[in-house]
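Data block below; observations after.
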Amino acid sequence: MADAAEFTVEELPSGQVLRLSGTFVIASIGDVDRGLRDISGPICEIDISGVTHMDTVGAWLVHRTAKEHNAQITGCANDAGRLIDAVRGVDQAEVVPKPPISALYRFLAEVGGGVAVGITTLLQFLGFVGQVVKAFFSLLMNPHRFRWHAVVQHFDMVGVRALGIVGLMSFLIGIVIAQQGAVQLRQFGAEVFTINLIGRLTLRELGILMTAIMVAGRSGSAFAAQIGTMKITEEIDAMRTIGVVPVEALVVPRVIAAVVMMPLLGIFASLMSIIGGGLLCWIVLDIPPATFVQRLREVTPITDFWIGIIKAPVFGAIIAMAGCFQGMQVKGNAEQVGLRTTAAVVQAIFLVIVLDAFFAVFFSEIGWD
């Protein structure tokens, strides 16, 4: 049997010298390892000339001891020296310099990544819209699965509970439009045309657009947060387990509620905006309410009203589906709920403005100026 691994510590004028002997292999260095850890005082030299055989583990033990005491290794045979040098090379962390990246490359990489994410999200959203349409027709074929109670509940949340904030916002916007219009038109002695500005701008654009933005921030975010929380708590997985289609149970009622309530909220918002503008015209421009109403009927075509009514349900469907889509994308933790809720509001407002621009061009082309 080979000699066991041993060590001695010799005191010299220059300092302590650690002398190793025997076979330094994995099977025999257990006790030596513990003994080397207990050595007190600095070691200036490690003599391994007495080592008859050494494997990689033994070389690591010698290297570690020398590194801890900042000692010099002497008496290395050829094989032992190569092993220790190999272990020392592995222990040294190699610093790999980062390749230089230009600002233009980083900019293009960020733009490209953003475009890729945008295209991927758009494709996923279109697929989600397809699922909603499929679920809607499936409910038409099986009306007993339709959740009327959920629809009525969302009528209350999307429409009735939003009347206060939508009415106040629209009333103030009407006042702002009238005040700014009167200030600019007074320069030309045409204050009476403030009524034209209030009527056409409110019914055609701002009434329904501002209502859509408010609904996106209020109801769209709520849809994303509700469904996202259900994803985290695995309620949606439980629905699938018991045979309930989540899109039919959660998304379709919300979309129907938003589509039905948006035109009503749009009409209410336009009416409140006109009341606000009329009140300011009465106070600032001395235009009595009867005159204001008569002039409003003369200068505002009925097509402006129908344009707002046509756009409203489309905006409602987009807002509801954007909120539900982002809620369905939640994965992992509660932080995802916050991120997806923010994304739902941003996505809904962006799509509403894009569609509003499309509708403006479309109605202008068909002659509804």
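Among 256-266, 109-119, 300-310, the peptide with the highest mean count of other Cβ atoms within 10 Å heads the list, and the full ranking is 256-266, 300-310, 109-119. Helix 334-365 sits at what angle to the longest principal axis of the chain, using alpha carbons and giving 0 to 90 degrees rounded to 10? Once rounded, the angle reads 40 degrees. Each of Gly41, Gly30, Ala5 was placed along the dipole of the range 1-49 (beta-carbon charges, centred on the mean Cα), and the one lying farthest toward the positive end is Gly30.
Projecting the Cα atoms of Ile232, Ala257, Phe268 onto the charge dipole of the range 209-302 (Cβ charges, centred on the Cα centre) puts Phe268 farthest toward the positive pole.
Between helix 252-284 and the chain there is an angle of about 60 degrees, using the helix long axis and the longest principal axis of the Cα atoms. With Cα atoms as the point set, the radius of gyration and Dmax of the range 1-158 evaluate to 35.2, 99 Å. Computing Cα Rg over 2.2 N^0.38 Å for the structure here picks out one of (1) 1.13; (2) 1.85; (3) 0.90, namely (2). Taken over the range 32-88, the alpha-carbon convex hull comes to 75 cubic angstrom per residue. With protein chains left intact and a 1.4 Å probe, residues in the range 24-123 average 67 Å² of accessible area per residue. When peptides 31-37, 11-17 are ranked by their average number of other Cβ atoms within 10 Å per residue, the highest-first order is 31-37, 11-17. Note on the range 285-368: with charges restricted to the Cβ of Lys and Arg (+1) and Asp and Glu (-1), its dipole about the Cα centre is near 260 debye. How would the range 235-364 be classified by its alpha-carbon gyration tensor: rounded, prolate or oblate, with rounded meaning a/c under 1.5 and the a/b versus b/c comparison settling the rest? Prolate, because a/c is 1.5 or more and a/b exceeds b/c. Helix 221-232 axis versus longest C-alpha principal axis of the chain: approximately 40°, rounded to the nearest ten. Of the solvent-accessible surface of the chain, computed with a 1.4 Å probe and all protein chains present, 66% belongs to carbon and sulfur.
Considering only Phe171, Leu108, Thr65, the residue lying farthest towards the positive end of the dipole of the chain is Phe171, judged by Cα position with unit charges set on Cβ.
Think of each Lys and Arg Cβ as +1 and each Asp and Glu Cβ as -1; about the Cα centre, that makes the dipole of the chain roughly 2200 debye. Computed with a 1.4 Å probe over protein heavy atoms only, the accessible surface of the range 293-369 comes to 50 Å² per residue. A 1.4 Å probe run over the range 150-243, with the rest of the protein chains in place, finds 47 Å² accessible per residue. Where only DSSP H runs of four or more residues are counted, the chain gives -22500 deg cm²/dmol as its mean residue ellipticity at 222 nm, each run worth -39500 (n - 2.57). Of the trypsin sites (Lys or Arg not before Pro) in the range 239-345, the ones in a loop by DSSP (not H, G, I, E or B) with at most 15 other beta carbons within 10 Å are Lys331.
Any lysines with Cα under 26 Å of the Lys331 Cα? List them, leaving off those in the same chain fewer than 8 positions away. In chain and number order, the partners are Lys134, Lys231. Straight Cα distances below 14 angstrom link Lys311 to the aspartates and glutamates Glu205, Asp356, with same-chain residues fewer than 8 positions distant left out.
Checking every one of the GluC sites (Glu not before Pro) in the range 199-305 against DSSP loop status and a limit of 11 other Cβ atoms within 10 Å picks out Glu234.
The values are calculated or read from the model by the stated rules, or taken from the named source; none is laboratory data. Because the structure is a prediction, the values reported are computed rather than measured. Counting neighbours? That spans all protein chains shown, and the Cβs are built from the backbone with ideal geometry, glycine included. To get the accessible areas, we keep the full protein, side chains included, count just its heavy atoms, and leave off ligands, DNA and RNA. Shrake-Rupley method; radii C 1.70, N 1.55, O 1.52, S 1.80 Å.
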